[in-house]
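Since every read-out is calculated from the coordinates, none of them should be taken as a lab result. Computed from a prediction, not measured in an experiment: that's the story for all the values here. We place every Cβ from the backbone using ideal geometry, glycine too, and count neighbours over all the protein chains shown.
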Amino acid sequence: MKKLLAFVLCLAMVFSFAACGGEKDPAASEAPKAVLKMATNAYFQPYEYYEGDKIIGIDAEIAAAIADKLGMELKIEDMEFDSIITAVQEGSVDFGMAGMTVREDRLEKVDFTTSYANGKQVVIVKENSAITDVEDLFADGATWKAGVQLGTTGDIYATGDLGEDRVTQYNNANNAVLALIAGDVDCVVIDNEPAKALVNANEGLKILEATYADEDYAICVKKGNTDLLNKINAAIDALVEDGTIDTIIAKYIK
Ligand code: GLN
């Protein structure tokens, strides 16, 4: 009798286990996704900017698509542009994505993925500015002052071409444009698409026709993190191939 009872009990246990295993409870069975941390500077429309308290834009959407391909959960950390490379080097984030131009000097500090977009540096002036061409900035005896975002290529070029005394560095694009409006600087050297957004959002500004410089944007990862670099590159390739990146860019750049 005891043996039979034990047998029945065993059987009951086996069945209840089987029943448990067969149940589809996604919350219980799905392991939490690993977090993929991105550093950006979210004052750079249309690549990254706030809509309410959410960071949206070309980079934010491409990053989300990459994280999705990697089966990871994207977390975006907003910081000053100038802090992004350091954060990547220190490993407090997994990658930096901020309309970031691939440059030799940056390649000494971080590794860059395949480029996912092109950019160019342009010059914003007031509508009635005496500066009518980018060349005016470099003319002999010119004293025009430029505003830039600290640590950007606009900063690097303007500081190199005009000299430190004629360049003021701001923490983000908005502050540089506010300084232009206030008359603290005569122009702002910045990437083309953010320049368009800033000119649209503020009255009395225009973009000079000539391009200051052409650039390629890419994602940066910690130097030597070839595992992540290869994974992101494979994701970018796939997202280029299936048209996702073009679709995202076309959504934000008409
Ligand atoms: N493309 C520029 C750079 O890489 C500016 C990027 C930015 O301000 N987010 O320096």
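When every residue of the range 33-45 is checked against the conditions, none turns out to be under 23 Å from ALA179 (Cα atoms), out of contact with any helix residue (DSSP H, G or I) (no Cβ under 7 Å at 6 or more places or on another chain) and aromatic (Phe, Trp, Tyr). Contact map, the range 191-207: residues that are without any contact (Cβ under 8 Å) to a residue 12 or more places away in the chain and farther than 10 Å from VAL177 by Cα paired with residues that are away from the ligand (no atom under 16 Å from the Cβ) and small (Gly, Ala, Ser), Cβ distance under 7 Å, separation 6+ or inter-chain. No pairs are found.
Any residue that is without any contact (Cβ under 8 Å) to a residue 24 or more places away in the chain, of a type in the set (Ser, Thr, Tyr) and within 16 Å of ASN118 (Cα to Cα) - is there at least one of those in the range 240-248? There is at least one residue in the range 240-248 that is without any contact (Cβ under 8 Å) to a residue 24 or more places away in the chain, of a type in the set (Ser, Thr, Tyr) and within 16 Å of ASN118 (Cα to Cα). PHE112 meets all of the listed conditions (1) under 21 Å from ASN225 (Cβ atoms); (2) within 15 Å of the ligand (Cβ to nearest atom); (3) in contact with a Ser or Thr (Cβ under 9 Å, 6 or more places away or on another chain) but one, namely (3). Restricting ASP186, ASP165, ASP227 to those that are touching a residue at least 40 places away in the same chain (Cβ under 8 Å) and either out of contact with any Pro (no Cβ under 6 Å at 6 or more places or on another chain) or surrounded by fewer than 21 Cβ atoms within 10 Å (Cβ to Cβ) (or both) reduces the list to ASP186.
Criterion first (surrounded by 14 or more Cβ atoms within 10 Å (Cβ to Cβ), among the small types (Gly, Ala, Ser), more than 25 Å from THR114 (Cβ to Cβ) and more than 21 Å from the chain's Cα centre (by Cα)) does ALA197 satisfy it? Spelling it out, it is not the case that ALA197 is surrounded by 14 or more Cβ atoms within 10 Å (Cβ to Cβ), among the small types (Gly, Ala, Ser), more than 25 Å from THR114 (Cβ to Cβ) and more than 21 Å from the chain's Cα centre (by Cα). Taking (1) under 24 Å from the mean Cα position of the chain (by Cα); (2) surrounded by 20 or more Cβ atoms within 10 Å (Cβ to Cβ); (3) without any contact (Cβ under 8 Å) to a residue 40 or more places away in the chain in turn, GLU104 satisfies each apart from (2).
Residues in the range 28-77 that are in contact with a Ser or Thr (Cβ under 6 Å, 6 or more places away or on another chain) and charged (D, E, K, R): GLU48 alone.
Just one of the listed residues (ALA218, ALA158, ALA179) is under 17 Å from PRO46 (Cα atoms) and surrounded by 14 or more Cβ atoms within 10 Å (Cβ to Cβ), and it is ALA218.
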